[in-house]
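Notes to accompany the following structure.
Nothing in this text is a laboratory measurement; each read-out follows from the coordinates by a stated rule. Only a predicted model underlies this, so the values are computations on that prediction, with no experimental measurement involved. With ideal geometry, Cβ positions are generated from the backbone for all residues, glycine too; neighbour counts draw on all protein chains shown.
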Amino acid sequence: MLKADFFSRDACRVAQQLIGKVIRRKYKDKWLAARIIETEAYYLTDKASHSSLGYTEKRKAMFMPPGTIYMYYARGHASLNISCGNKGDAVLIKSAYPFFDEKSPQQNIKIMQQLNPAKNGSLRTIEKLCAGQTLLCKSLNLTVTEWDKKSFQYNCFYIEDIDQSPAKIIQTSRLGIHQDRDADLLYRFIDYDAAKYCSNNPLTKRTFKEGADYIILS
């Protein structure tokens, strides 16, 4: 399980190094898992950050020790963040991809599909289950009321380093940020090889140019 010292660093550094880590969540007696493929970093001094608006009870987790879970409602659905670095800094887990191993076998995908059905009631494909911050939380049964301001717990919810770092990472701008709120900052990180499964793939945007709108880290 990732400890507090992992999160006690610069937000962009944490966001980049979370790529490839695996979220483990116990649902009843089964372990669900998803590999992180996309993150966003936020700073206290960043106009797009919740914490830049000042301390409130709802934003308390962002000012708590590094490694504290901060969950809020994005468009009415849960979103997973983790405090890091200095007070007011945090990383948003933007998207992930279902992960399978001995602890989290592939048949558990059925549970994730039942937790996060499509709007018409059908089962989502594996590729779409965690392709967004709220979809991820639904698929892993993560709720604001249960986890906001809490710490990770090894017996039911934690993030694990499986020692599989991505070969290349895309660094680009964050999504849904107003132009007047530091929208141009390259604070979003994506697993290059899994970019087609993230919430929004910058490599497919015709107007995006490497070196300006995104860079490739290796």
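A few remarks follow.
- Virtual spin-label span in nm between His77 and Arg13, 7 Å along Cα→Cβ: 3.4
- Amide proton proximity set for Lys150, modelled H, under 5 Å, gap of 5+: Ile69
- Here the Karplus relation 6.51 cos²θ - 1.76 cosθ + 1.60, evaluated at θ = phi - 60°, turns the backbone of the stretch 47-57 into coupling constants of 4, 7, 7, 4, 5, 5, 7, x, 6, 9, 4 Hz, with x for every Gly and Pro.
- Efficiency of FRET between Thr204 and Leu123 - r from beta-carbon atoms, R0 41 angstrom, step 0.05: 0.95
- Taking each DSSP H run with n ≥ 4 as -39500 (n - 2.57) and averaging over every residue of the chain yields -3000 deg cm²/dmol at 222 nm.
- Under 21 Å from Lys28, Cα to Cα: lysines that are on another chain or at least 8 residues apart: Lys103, Lys110, Lys138, Lys150
- Working from label points 7 Å from Cα in the Cα-to-Cβ sense, the Lys103 to Leu217 distance is 2.4 nm.
- Extended-chain gain in nm, criterion 0.36 nm per residue less alpha-carbon gap, Thr56 and Tyr154: 32.4 nm
- Per-peptide packing, taken as the mean over residues of other Cβ atoms within 10 Å, places 92-103, 68-79 in the sequence 92-103, 68-79 from highest down.
- For the stretch 4-217, size of Cβ-based charge dipole, Lys and Arg +1, Asp and Glu -1, in debye: 680
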